[in-house]
1. Tell me yes or no: at least one residue of the stretch 293-308 is part of a helix (DSSP H, G or I), within 20 Å of SER210 (Cβ to Cβ) and charged (D, E, K, R).
2. Residue check: is PHE19 buried (at least 17 other Cβ atoms within 10 Å of the Cβ), hydrophobic (A, V, I, L, M, F, W, C) and out of contact with any Ser or Thr (no Cβ under 7 Å at 6 or more places or on another chain)?
3. Here are ILE303, ILE211, ILE228: which of them is over 22 Å from GLY170 (Cβ atoms), surrounded by 13 or more Cβ atoms within 10 Å (Cβ to Cβ), modelled with pLDDT under 95 and of a type in the set (Val, Ile, Thr)?
4. Whether any residue in the stretch 237-259 is without any contact (Cβ under 8 Å) to a residue 24 or more places away in the chain and farther than 21 Å from ARG141 by Cα is what I want to check.
5. Collect the residues in the stretch 274-308 that are free of Cβ contacts under 8 Å to residues at least 60 places away in the same chain and within 30 Å of LEU129 (Cβ to Cβ), keeping them in residue-number order.
6. If a residue must be in contact (Cβ under 8 Å) with a residue 40 or more places away in the chain and more than 30 Å from the chain's Cα centre (by Cα), how many such residues does the stretch 19-59 contain?
7. Which numbered condition in (1) open to solvent by 60 Å² or more (accessible area, probe 1.4 Å); (2) more than 17 Å from the chain's Cα centre (by Cα) is the only one that ILE200 fails?
8. Taking the stated definitions as given, is LEU104 within 29 Å of the chain's Cα centre (by Cα), over 17 Å from GLU7 (Cβ atoms) and not aromatic (Phe, Trp, Tyr)?
Amino acid sequence: MKHYEVEILDAKTRDKLCFLDKVEPNATIAEIKNLFTKSHPQWYPARQSLRLDPKGKSLKDEDVLQNLPVGTTATLYFRDLGAQISWVTVFLTEYAGPLLIYLLFYFRVPFIYGPKYDFTSSKHSVVHLACICHSFHYIKRLLETIFVHRFSHGTMPLRNIFKNCTYYWGFAAWMAYYINHPLYTPPTYGDEQVKLALIIFLFCQLGNFSIHIALRNLRPAGSKTRKIPYPTKNPFTWLFLLVSCPNYTYEVGSWIGFAIMTQCLPVALFSLVGFIQMTIWAKGKHRSYLKEFRDYPPLRSPIVPFLL
């Protein structure tokens with residue numbers, strides 16, 4: 001069995017960083033990263049991006065050396081992805097913050113609304129319902145992160161956690177301030193508006209959870225296998241017939257329901273910003289599905305049936 005020689009160059013400067021001799025032909029990129037780490041411990045595998053071209057795409061960890069378009073002396077280019085943090089840690093931090101921040105405003109802790117309102121309670125039932133719904137949403141997200149989600153990538157850049165937390169925590173504080181404010185006024189159409197909004201919210205929360213379970217079942221534990229998601233016997237998953245990312249569709253629907261329930265402008269803006277971001281993600285996933293699977297259902301849209 002003929003062995004390979006692998007040289008790793010800096011993608012920016014083209015300086016030689018490492019030379020690996022007698023590498024097995026069936027070695028994976030993940031194994032090569034581990035070998036590279038031995039000579040450069042500051043660049044642990046999750047920080048490494050190895051590619052065939054300095055400006056090309058990163059090779060996948062599961063790619064096998066002998067299957068790549070290289071000779072027996074292979075040249076790979078290295079880029080430092082920066083300090084990494086696990087997706088689980090990021091999600092738990094993102095979601096625990098809004099849960100706790102909202103409750104601080106709900107219980108009207110001191111220094112928020114003035115001394116005479118410290119630890120007082122709103123007289124409006126919708127305020128209490130909104131707190132239950134908001135808390136339910138983020139507790140659900142935390143539990144899904146721990147027990148449901150399977151991540152194709154183990155880590156993400158550490159800098160992203162600051163950006164993501166600013167977004168989630170900031171909006172949570174902004175909407176909580178107004179909804180729990182002593183001068184807050186209930187929705188224009190009263191209980192009927194609140195009941196309709198609650199139905200929308202709960203329906204979409206159930207839908208979102210159903211999609212997450214369906215996506216989890218597509219990927220066996222410990223694998224990075226990608227398959228086309230299809231509807232299951234669960235009616236909430238039938239939205240897969242029309243959109244590629246129904247989890248985002250249901251997520252946006254939940255926040256629209258919450259906005260109708262509270263009739264609060266910051267919630268509406270949060271819903272809008274979230275919709276824009278999730279549309280970007282959905283379009284990216286939709287494109288990757290089309291590229292990866294030739295038999296991908298042609299009727300599907302990224303996030304909004306027939307429109308977007």
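The values are calculated or read from the model by the stated rules, or taken from the named source; none is laboratory data. Just so you know, these numbers come straight off a predicted model, no measurement behind them. Neighbour counts run over all protein chains shown; Cβ positions are idealised from the backbone, glycine included. Protein only, heavy atoms only, side chains kept; ligands, DNA and RNA dropped before computing areas. Shrake-Rupley method; radii C 1.70, N 1.55, O 1.52, S 1.80 Å.
1. No, the stretch 293-308 contains no residue that is part of a helix (DSSP H, G or I), within 20 Å of SER210 (Cβ to Cβ) and charged (D, E, K, R).
2. Working: buried (at least 17 other Cβ atoms within 10 Å of the Cβ): no; hydrophobic (A, V, I, L, M, F, W, C): yes; out of contact with any Ser or Thr (no Cβ under 7 Å at 6 or more places or on another chain): yes.
So PHE19 fails the test.
3. Values: ILE303 fails: modelled with pLDDT under 95; ILE211 fails: modelled with pLDDT under 95.
The conditions single out ILE228.
4. Yes, some residue in the stretch 237-259 is without any contact (Cβ under 8 Å) to a residue 24 or more places away in the chain and farther than 21 Å from ARG141 by Cα.
5. GLY274, PHE275, ILE276, GLN277, MET278, THR279, TRP281, ALA282
6. Of the residues in the stretch 19-59, 4 are in contact (Cβ under 8 Å) with a residue 40 or more places away in the chain and more than 30 Å from the chain's Cα centre (by Cα).
7. (1)
8. Details: within 29 Å of the chain's Cα centre (by Cα): yes; over 17 Å from GLU7 (Cβ atoms): yes; not aromatic (Phe, Trp, Tyr): yes.
The answer is yes for LEU104.
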